[in-house]
Amino acid sequence: MNTKALLARIGATVALILLAATAIAQAPQRLPYGTAITLETAKKVAAGAAAEATKNKWTAAIAIVDNHGFLVYYEMFDDTQTASANFAVEKARPSAMFRRTSKELEDTIASGRVAVLGFPGSTPVEGGLPIVVGGKIIGAIGVSGMTAAQDGQIAKAGLDALSK
């Protein structure tokens, strides 16, 4: 390899490193993890979500996971589509593990960053939200059964139940 080609490769490598460092520096700071959600709190979140679904006559599966993505509480309305049984859990997990909403993952892909699809455990569809108490993530809720926006509405109602 001649000197000119070597310098070009070194320059390209340095540019990639600087680009990656800039991207990392601009990444939003994520909330820290707290103590894992208790069963009592998980039931309260699920009850708020279930109330929203019932009010709208929607069927859904509701999953609550701890801050590591492990299932703590689950319920599914009668006649909810079968696929939603697992999908609710899979929407909750990345919200806890990646410390962001599943909608954020969906929007990242929509903006062209399809590499997110290769992240193990990534389910980039609205309906998963981190559960935050005292500024720390203690778990997440995932909802599936209706449209993605309706699933998100149900999940948000579950979070709202914590402040009541």
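Just a few scattered comments:
- Residue within the stretch 25-44 that is hydrophobic (A, V, I, L, M, F, W, C), out of contact with any strand residue (DSSP E or B) (no Cβ under 8 Å at 6 or more places or on another chain), surrounded by 11 or more Cβ atoms within 10 Å (Cβ to Cβ) and at pLDDT 95 or above present: no
- Test: residue in the stretch 39-57 that is in a strand (DSSP E or B), within 18 Å of residue 161 (Cα to Cα), in contact (Cβ under 8 Å) with a residue 24 or more places away in the chain and not β-branched (Val, Ile, Thr): no
- Members of the stretch 68-91 found to be of a type in the set (D, E, K, R) and outside any loop (DSSP other than H, G, I, E, B), listed by number: 75, 90, 91
- Residue match in the stretch 152-163 (condition: among the hydroxyl-bearing types (Ser, Thr, Tyr), modelled with pLDDT under 95 and either crowded, with 21+ Cβ neighbours inside 10 Å or within 22 Å of residue 38 (Cα to Cα) (or both)): yes
- When residue 64 is tested against (1) among the hydrophobic types (A, V, I, L, M, F, W, C); (2) crowded, with 17+ Cβ neighbours inside 10 Å; (3) in a helix (DSSP H, G or I), only condition (3) is not met.
- Close pairs from the stretch 61-84: first charged (D, E, K, R), partner in a strand (DSSP E or B) and surrounded by 18 or more Cβ atoms within 10 Å (Cβ to Cβ), Cβ under 9 Å, at least 6 apart: 66/72; 66/138; 66/139; 66/140; 75/61; 75/62; 75/63
- Of all residues in the stretch 92-148, those satisfying the criterion of being aliphatic (A, V, I, L, M), surrounded by fewer than 24 Cβ atoms within 10 Å (Cβ to Cβ) and in a helix (DSSP H, G or I) are 97, 109, 110, 114, 115, 116, 117, 148.
The values are calculated or read from the model by the stated rules, or taken from the named source; none is laboratory data. On a predicted model such as this, the values are computed, not experimentally measured, just so you know. We place every Cβ from the backbone using ideal geometry, glycine too, and count neighbours over all the protein chains shown.
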